[in-house]
Amino acid sequence: MWYAIEGYDGEDVLAARLAARDAHLARLRALRDAGRLLLAGPCPAIDAEDPGPAGFSGSIVIAAFESLDAARAWADADPYVAAGVYVRVEVRPFKRVLP
């Protein structure tokens, strides 16, 4: 089943986000390579493709997991959580309709 994972950035965490980015992306690539990633990306803190020093307000990942508990465990192990980038993470079931 698909699950939506939303991580919410804390204040002034851009440097921590950049430091943990490679490890964060490696986990997403592993999901992609296993055919389990629908989409993933950050949410700019301002209305711009590249927010520069404004940074990001969080990220969204939609991926397939065996259960809600498995999705939560995967989200809890994210390098952005360990680095203190995310101050809150929400995980919910997601029903894909389109495309």
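Just so it is clear, none of the values below were taken in a lab; they were calculated from the coordinates. Keep in mind that this is a model prediction, so the values were computed, not measured. Note: ideal-geometry Cβ built from the backbone for every residue, glycine included; neighbour counts use all protein chains shown.
Over all Cα pairs of segment 24-72, how is the pair count split among 5 Å bins, expressed in % and running from 0 up to the last occupied bin?
5, 19, 23, 19, 16, 11, 6, 1
Hey, got the dipole for the chain? About the Cα centre, +1 on K and R Cβ, -1 on D and E Cβ, debye to the nearest 20?
Values: 11 positive and 14 negative charges, 90 e Å.
Here the chain has a charge dipole of around 440 debye.
In segment 23-99, which trypsin sites (Lys or Arg not before Pro) are in a loop and have at most 11 other Cβ atoms within 10 Å, using DSSP for the loop call?
Details: sites: Arg27, Arg29, Arg32, Arg36, Arg72, Arg88, Lys95, Arg96; in loops: Arg36, Lys95, Arg96.
Loop-located and lightly packed - Lys95, Arg96.
What angle, in degrees between 0 and 90 and rounded to the nearest 10, separates the Cα long axis of helix 14-33 from the longest principal axis of the Cα atoms of the chain?
For 14-33 against the chain, the angle is about 20 degrees.
For the chain, what relative contact order do you get, as a whole percent, if you take Cα pairs closer than 8 Å and at least 6 residues apart? Could the numbers behind the result be given before it?
On the way: 167 pairs, mean separation 48.1, N = 99.
So the answer I get is 49 percent.
At 37 °C and 0.692 mPa s, what whole-number value in µm²/s does Stokes-Einstein give for the translational diffusion of the chain, with Rh from the Kirkwood sum over Cα pairs?
Numbers: Rh = 13.8 Å.
Value of D from the Cα-based Kirkwood radius: 239 µm²/s.
Quick check: the distance between the Cα centres of segment 35-81 and segment 1-32, to the nearest angstrom?
5 Å
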